[in-house]
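K.L.:
Okay, here's the structure, questions in a sec.
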There are 4 protein chains.
Amino acid sequence: MKTHRCDVDLEVRYAETDQMGVVHHAAYLVWFEVARTRLCAQAGRPYASIERAGHFLVVSGVDVTYREGARYGDVVRVTSWVDWVASRAMQFGYQIRRDARLLADGHTRHVWVDQSTGRHCRMPADLAAPFLAFAEQTELSRRGRER
Amino acid sequence: MKTHRCDVDLEVRYAETDQMGVVHHAAYLVWFEVARTRLCAQAGRPYASIERAGHFLVVSGVDVTYREGARYGDVVRVTSWVDWVASRAMQFGYQIRRDARLLADGHTRHVWVDQSTGRHCRMPADLAAPFLAFAEQTELSRRGRER
Amino acid sequence: MKTHRCDVDLEVRYAETDQMGVVHHAAYLVWFEVARTRLCAQAGRPYASIERAGHFLVVSGVDVTYREGARYGDVVRVTSWVDWVASRAMQFGYQIRRDARLLADGHTRHVWVDQSTGRHCRMPADLAAPFLAFAEQTELSRRGRER
Amino acid sequence: MKTHRCDVDLEVRYAETDQMGVVHHAAYLVWFEVARTRLCAQAGRPYASIERAGHFLVVSGVDVTYREGARYGDVVRVTSWVDWVASRAMQFGYQIRRDARLLADGHTRHVWVDQSTGRHCRMPADLAAPFLAFAEQTELSRRGRER
């Protein structure tokens, strides 16, 4: 976890549960996405404006570890941060808690895509400084080549 | 229900259930959509190709009556047809059954939108003949003005 | 619309959009549900506790009119109220706005089910007073027999 | 990938797309689940019957690598198999293809839960033989202790 992180509190929605009586595991990826949206806004660029400016931040990988189920009626806190940032890729980290209990944690990896060409590209220039700061890096890491 | 109709059999997905132990009511709209896709294909134009050609068939209204819950493990049959077709709008009808039991029925209303302008427009010309035939109409109805 | 109503502000989630670039029409039913949850809490019984006490408030019908699309980046306000309440059924009403624009409105109808028998039943006694007040009724309406 | 595997062909649903014009990354977990359901059926126990008999096969971890987007109009083939099986845990593997193109691959890890106690438990006895055969193991692996 990094020093700069972002907390979003979400009320569990009934539609997010399944017949096991807990939140369906795919919903956690949606929660991660809500938190990621918030981190981009904190970096000075709401993700909606990133797309309008011609880029997509495409998900290239995810991993989640589920420790305990969230339930309808719970308010969960999604904490997210930037794990690392490379010129063409980056990783976010996440923890989901209900009060002090860790319910799940995970990561999402991303690549940048230029909407006009549909091809991988470099991160929008103005995002480099804030994301480097969030990731506690002084320069872009070398992981850019991984998808 | 009209003579020309289309049946799609769907296995209930676990993710479609909620903690009541039955399929969440919003999932039925997704099933209606799967059936509608099939009807468009039967009219000679898969909906994906309708969009690629520059139109959207936008949902302007829905109604659903839920009679009995579908459950994980069920295979449901979604029957759909064209209720009526106007120059700028149309309505589809649906029934969802498990064997002989009617689980739900409903309708979706739609308007055509031109992607280049973002405005309402007339139905693509080549769809008029098949949709009129499906709706058992000899001419376009006057309901085009409703959203 | 009734005097007693409840507003919930929701940030549109990326996962709620579809390739039309607007929120998928099924997501509105999920938003209605979030608002309904809030109204039940205002009536003194969070819906989670209603279920734990042995009842389900099952959706028996919905209708939605879609006027304009919600988009990722929008914050929408879901306003809900109790339209009418009968001994065994009730209806909620909803409007969804982005600032002053009405994006959609609709209704959901419900019946009460006793979890122990799986059969329709009367509303939990302690909810009658607050729901009657919300609906501006002095007594339960006669609509109880509709599903 | 193991010799025993199961293929499920799925038509992409419109609701599964997002405004990037491709299938939302969370939908792949739902597709994995559809495939897993089929593998359980091939092991002689449809998952619905496993739950009715008092067990849950809870997801404890997932990882997915996304290589190329699936699109509305595509039919994707989800191939799944049993990676390994332990006394109290197991892992499934998945690949998603459109024709010869690999779109995504991943894994889900699971633990068994006894519905009556809500606690982790051993795999239902009658599933051991078929799952061992699917996993090409002669005995249960030692990974049972991982969540």
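K.L.:
Which residues, taken from region D:1-46, are touching a residue at least 24 places away in the same chain (Cβ under 8 Å), among the polar types (S, T, N, Q) and more than 14 Å from chain C (Cβ to nearest Cβ)?
P.N.:
Selection gives D:Thr3, D:Gln42.
K.L.:
Separate question: Return yes when C:Thr65 is under 17 Å from C:Ala135 (Cβ atoms) and either more than 10 Å from every other protein chain (Cβ to nearest Cβ) or hydroxyl-bearing (Ser, Thr, Tyr) (or both) and no when it is not.
P.N.:
Against the criterion (under 17 Å from C:Ala135 (Cβ atoms) and either more than 10 Å from every other protein chain (Cβ to nearest Cβ) or hydroxyl-bearing (Ser, Thr, Tyr) (or both)), C:Thr65 does not qualify.
K.L.:
Of all residues in region C:33-56, which are assigned to a helix (DSSP H, G or I) and among the charged types (D, E, K, R)?
P.N.:
Selection gives C:Glu33, C:Arg36, C:Arg38, C:Glu51, C:Arg52.
K.L.:
Something else about it: Name the residue that is nearest to B:Thr37 (Cα to Cα), counting only residues in region B:63-85 that are among the aliphatic types (A, V, I, L, M) and free of Cβ contacts under 8 Å to residues at least 60 places away in the same chain.
P.N.:
B:Val85
K.L.:
Given the criterion within 14 Å of the chain's Cα centre (by Cα) and under 25 Å from D:Thr17 (Cβ atoms), identify the matching residue among B:Val75, B:Val85, B:Val59.
P.N.:
Just a single option satisfies the conditions, and that option is B:Val59.
K.L.:
Can you find, within region C:93-120, the residue that is farthest from C:Thr37 (Cα to Cα) among those that are touching a Leu at 6+ places or on another chain (Cβ under 7 Å) and not aliphatic (A, V, I, L, M)?
P.N.:
Of everything passing the filter in region C:93-120, C:Arg97 is farthest from C:Thr37 (Cα to Cα).
K.L.:
Here's a follow-up. Being crowded, with 16+ Cβ neighbours inside 10 Å and among the aliphatic types (A, V, I, L, M) is the filter here; which residues of region A:107-136 pass it?
P.N.:
Within region A:107-136, A:Val111, A:Val113, A:Met123, A:Leu127, A:Ala128, A:Leu132, A:Ala133, A:Ala135 meet the criteria.
K.L.:
Tell me which residues, restricted to region A:68-81, are at the interface with another protein chain (Cβ under 7 Å from one of its Cβ atoms) and touching an Asp or Glu at 6+ places or on another chain (Cβ under 8 Å).
P.N.:
A:Tyr72
Here is a yes/no grid of residues against (1) surrounded by 18 or more Cβ atoms within 10 Å (Cβ to Cβ); (2) under 24 Å from B:Gly118 (Cα atoms):
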| residue | (1), (2) |
| --- | --- |
| B:Ala27 | yes, no |
| B:Glu33 | yes, yes |
| B:Arg36 | yes, yes |
| B:Leu39 | yes, no |
| B:Pro46 | no, yes |
| B:Ser49 | no, yes |
| B:Gly54 | no, yes |
| B:Leu57 | yes, yes |
| B:Val62 | yes, yes |
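K.L.:
I would also like to ask the following. Would it be correct to say that B:Val30 is assigned to a helix (DSSP H, G or I) and touching a helix residue (DSSP H, G or I) at 6+ places or on another chain (Cβ under 7 Å)?
P.N.:
Criteria met by B:Val30.
K.L.:
Can you confirm whether C:Val59 is among the β-branched types (Val, Ile, Thr), under 26 Å from C:Ala129 (Cα atoms), in a strand (DSSP E or B) and in contact (Cβ under 8 Å) with a residue 40 or more places away in the chain?
P.N.:
yes
K.L.:
Taking region A:51-62 only, how many residues are away from chain C (no Cβ under 14 Å) and acidic (Asp, Glu)?
P.N.:
Residues flagged as away from chain C (no Cβ under 14 Å) and acidic (Asp, Glu) within region A:51-62 amount to 0.
Every number in this text was worked out from the coordinates using simple rules, so none of it is lab data. Model, not experiment: these values are computed from the prediction. With ideal geometry, Cβ positions are generated from the backbone for all residues, glycine too; neighbour counts draw on all protein chains shown.
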